[in-house]
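Computed from the coordinates by the stated procedures, all read-outs in this text should not be read as laboratory data. Given the structure is predicted, the values throughout are model-derived calculations rather than measurements. FYI the Cβ positions are ideal-geometry reconstructions off the backbone, even for glycines, and counts take in every protein chain you see.
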Ligand code: COA
Ligand code: AMP
């Protein structure tokens, strides 16, 4: 292990309280915490329990106080609408404090929940920071989710208010948000008291007052609102993510730990200083967007880019290079799928050669495993380090990475590098013993988790404990499997639950199965993620029909695909559902999803000893061949 990194890492593990006490000195506190870590009620650990601070103050006001208000905080670049703008820290604060006043006028108080369902526009960032300013808890919902998912988040969070926009833009289509929101409000049992809608120029929609008001109207009688003082253990936000069932889990983030940890990562993991331009090409609806479009870069006081577009098609595979060169971006963070999309469209890098990327120093990839081919292609093209790092919505920052601000380590293709300071990562084998180097098993993190991770689930302490902390007492179960090699490099090989990763988006196959089971002709079904060259994985559905169904298979498949689009959303990218005669099961009735996946991916599989009828596997293989699904990857 390299010496400098090794020293810092060891300290974070052996003396976590001292380590995180020092890091906490770098943020603004109204009242500094006297207690660093309360360990009295495991697995519910509390960082900085008696500290008092404010997320928005640390993102904006502190920099203005320090005379850096004229520095650019946010660059908005939207190739999809052909718009660009820049906001200094002063300008952004002015917008945020006004909108905070508007929220307050609508009765939103400390602790109230606010749903934000918006496209990638500056107003979305303003809404998030305005919530933080008044101590409201935001819950951002990704625009690619359907009404049903939005409704479940309204119900679970019991949100007081919803902020949305008239529309979003996807290549080739306008996403009308208002009908989706109206349907969600109709479906939700909990009733929100107000909707604030940002009218996108040229796409104004009709509003039904008094429940619905426009963004402009909400600002008309609003005054600036100061940052309120908030306890460190209160929540900054809830971000719902796919769980092992159809019910999403509300990951909560406590305020103090979130600020301390994210600010620490900007220099130590990403090597970003205050004068740098940083770009995270994700969406604010995902954890990467929360942490690295909005919070971490603003806590650091650097410049962050908000990009409303796609890696290809807006207008071409050179967009990423244009943004990097136009704004002097030092480092980019995105999902491997974005690079696979560029590689597919422009394998020779013809677009790349049109731009000067002298400013560019590193590319960070996460969200799914970065395949060595893509990393090598990006390295050859960009001539900078390409760093695969591993993290989860639950943790909000990287569990393993090359910590480039501490010490650059060598790349091992296929590995997400070493555990980041703060995370004591270990592997537990199926016999419940700790693995030796290179032995496969479940990847776990020894408790307590560092600051900035999730202290619990929204209103679901029991689910938190049972789901994540019970199978391996004393450890957080990541639900990823893999091994650690003899140099401490972590290799993430697969999920151990029903989560799949589609274009860097986390989806539950169980949730898709729940929707398919609602089709009146479907007796049972299985959904699995099969390998896909562009998106990493794609979900496919296998449907077994009830006896006596006389509808044709094609109609049933189309209806099922439409149901998933309507109930979960286009983001599920669910385009394949085939009717089969029967599903392979164990003698105890468990569907052999893993085996079917291997057959579909055309990789070697062992005949499961507990299978009830081995002949079904040949049948399934034929079905997959007939439907041109075999060997999709
Ligand atoms: N609002 C509404 N719909 C959305 C949406 C949004 N914010 N984002 C995606 N969708 C829709 C897409 O339009 C598409 O709909 P379609 O079935 O009508 O075509 C569907 O959801 C699937 O989207 P996606 O998986 O993104 O596929 P794509 O073909 O549109 O784009 C990539 C493929 C690789 C270009 C794209 O996935 C991408 O840029 N990924 C970058 C990775 C990323 O941001 N990951 C987030 C975590 S870091
Ligand atoms: P999300 O919560 O959406 O960020 O998804 C987290 C999951 O994505 C992890 O549990 C992993 O399964 C996967 N993931 C994220 N980053 C990586 C990576 N660098 N390598 C492999 N898998 C990853």
Quarter of the surface of the C-alpha convex hull for the chain, i.e. direction-averaged projected area in nm², equals 27.9
So what's the gap between the Cα centers of region 483-508 and region 150-217, to the nearest angstrom? 35
Could you rank the peptides 409-417, 231-239, 602-610, 150-158 by their average count of other C-beta atoms within 10 Å per residue, with the highest value first? 231-239, 150-158, 409-417, 602-610
So, R0 is 22 Å and r is the distance between the beta-carbons of residue 350 and residue 384; what FRET efficiency does that work out to, to 0.05? 0.70
Kirkwood Rh (inverse of mean 1/r, distinct Cα pairs), region 191-266, angstrom: 16.4
Rounded to the nearest 5, what % of DSSP beta bridges with both residues in region 503-626 are antiparallel? 70
To the nearest 0.05, the calculated FRET efficiency linking residue 219 and residue 558 through their beta-carbon distance, R0 being 51 Å, is 0.70
What order, most packed first, do the peptides 327-339, 520-532 have when packing is the mean number of other Cβ atoms within 10 Å of each residue? 327-339, 520-532
In deg cm²/dmol, rounded to 500, what helix-only [θ] at 222 nm does the chain give when every DSSP H run of at least 4 residues adds -39500 (n - 2.57) and the total is split over its residues? -8500 deg cm²/dmol
Separation between the residue 174 and residue 613 pseudo-spin-labels, each 7 Å from Cα along Cα→Cβ, expressed in nm? 5.3
Which log10 I(q)/I(0) values, to two decimals, does region 503-626 give at q = 0.13, 0.20 Å⁻¹ under the Debye formula with one point per Cα? -0.51, -1.20
For a protection proxy built on the mean count of beta-carbon atoms within 10 angstrom, sort 128-140, 13-25 highest first, please. 128-140, 13-25
Which distance in Å, rounded to a whole number, links the C-alpha centroids of region 46-80 and region 337-410? 27
On the first, second and third principal axes, largest extent first, how far apart are the outermost C-alpha atoms of region 151-225 in Å? 35, 33, 22
If you stretched the chain out fully between residue 550 and residue 105, how much longer would it get, using 0.36 nm times the residue separation minus the C-alpha to C-alpha distance? 154.5 nm
Could you calculate, for region 81-226, the ratio of the Cα radius of gyration to the Kirkwood radius, expressed as Rg to Rh? 0.94
Sorted largest first, the Cα spans of region 410-513 on the principal axes come out in Å as 41, 31, 30
How much length is gained if the chain between residue 155 and residue 25 is pulled fully straight, taking 0.36 nm per residue apart and subtracting their Cα-Cα distance, in nm to one decimal? 43.0 nm
